[in-house]
Each structure stands twice: as structure tokens, then as C-alpha cells.
1. Mind counting the residues in the range 94-106 that are at pLDDT 85 or above and within 19 Å of residue 40 (Cβ to Cβ)?
2. Quick check on the range 46-57. Is at least one of its residues assigned to a helix (DSSP H, G or I), closer than 30 Å to residue 155 by Cβ and among the hydrophobic types (A, V, I, L, M, F, W, C)?
3. Only one residue in 76, 87 is out of contact with any His (no Cβ under 9 Å at 6 or more places or on another chain) and under 22 Å from residue 10 (Cβ atoms), so which one is that?
4. Suppose we filter 63, 40, 49, 54 for residues that are surrounded by 12 or more Cβ atoms within 10 Å (Cβ to Cβ), of a type in the set (D, E, K, R) and over 28 Å from residue 120 (Cβ atoms); which single one remains?
Amino acid sequence: NDSIYTTLTDHISNLVDRIHMGITFDNSLLWNIQMLYPLEYDIATEVVEIISKELDIKIDKDEANFITLHIVNAETNTRMMEIYQITEIVSLINCVVDESFPHIDKENYAYQRFLTHCRWFAHRVLNEVSNSKKEKANFETLNLLNRQYGEASDCIVEIKKILSEKYSYEV
């Protein structure tokens with residue numbers, strides 16, 4: 001989305017002003033941006049380095065989190081607030097998965113694909129898109145998977161519960 005030229009330029013301008021005034025932001029809510037959006041984060045890190053060098057100012061590396069969100073916003077053509085909410089939902093899902101499977105390899109390509117699917121799923125949750133087709137074959141497949149992968153099934157039930165309680169979304 002071409003709006004990134006305006007929104008990111010505005011963010012960078014405000015960033016420079018904040019640095020000169022000694023103002024910092026608490027971005028503790030954005031602690032896992034690097035994991036959720038690795039490619040975008042790498043680009044944002046380069047942006048921070050370029051700005052630091054060109055303007056001869058010290059920019060906290062955490063600023064790459066905010067720039068990452070601008071890039072994701074432009075990629076997905078969604079509002080910035082929705083990007084924050086998507087990130088929150090994916091983080092919640094990720095926490096449940098971490099508790100259920102503490103030894104999961106997060107550097108694995110399959111895990112990155114999982115996170116990508118979670119991002120699109122979170123988008124559906126926020127936009128209240130559901131799969132209204134309740135075909136018998138789906139339930140048979142689900143029951144088979146639940147029997148074969150009980151631990152994963154328990155994890156999914158916990159995610160479903162959180163989404164229902166926090167977002168009133170029924171999976």
C-alpha cells in the first residue's frame with residue numbers, strides 16, 4: 001500500500017523529534033515482533049541503521065518493532081490498530097503453543113508457516129469471518145485428528161477457549 005510513504009515518513013520524523021527531546025516509548029507489548037514478522041523486522045532493522053548513520057543519531061534498536069508494523073500494515077493493507085490486535089492474538093496463540101510444546105523448534109520453516117497461518121486466522125477473528133460450512137466430513141476428520149494428536153487437540157481447545165472469552169469468536 002502506497003500509504004507507507006506517508007505513514008512511515010511521518011513516524012521517522014516523529015522518531016527523530018522524540019530522540020532530540022529525550023522521549024522514549026515503552027514497547028514491551030511488541031516483544032515478539034521479530035519472531036512474528038521476521039522478514040519485515042530484518043528490513044526495519046536496516047532502516048534503523050540507515051537513519052542512525054545518515055542523521056548521526058543513536059536510535060534504540062527496539063524502534064525496529066514500530067517500523068516493522070508500518071511495513072506489515074502496508075503489506076496487508078489493514079489499519080494499524082488491526083495490526084496491533086492481530087499481533088496480540090497471534091501472541092496469545094503462541095503462548096498457549098509454547099506452554100503445550102516447550103521444546104518446539106521456532107527456527108523451523110514449518111513453525112514460520114504456522115505463524116503466517118495464525119496471522120491470517122487472527123485477521124478472520126477480528127473481522128468476524130467464520131467458516132459456516134459444517135460438513136460431516138470435516139467433523140469426521142476433526143475427530144480422527146483429535147484421537148491421533150491428543151496433546152495438540154488439548155492445545156487447540158485452550159486457544160479456542162481464549163478466543164471465545166476474549167474476542168467472542170467461536171472456532
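1. Result for the range 94-106: 1.
2. No, there is no match, as no residue in the range 46-57 is assigned to a helix (DSSP H, G or I), closer than 30 Å to residue 155 by Cβ and among the hydrophobic types (A, V, I, L, M, F, W, C).
3. Values: 76 fails: out of contact with any His (no Cβ under 9 Å at 6 or more places or on another chain).
Just one listed residue meets the conditions, 87.
4. When all the criteria are applied, what remains is 49.
The values are calculated or read from the model by the stated rules, or taken from the named source; none is laboratory data. Since the structure is predicted, the reported quantities are computational estimates derived from the model, not experimental observations. Backbone-built Cβ (ideal geometry, glycine too); neighbour counts: all protein chains shown.
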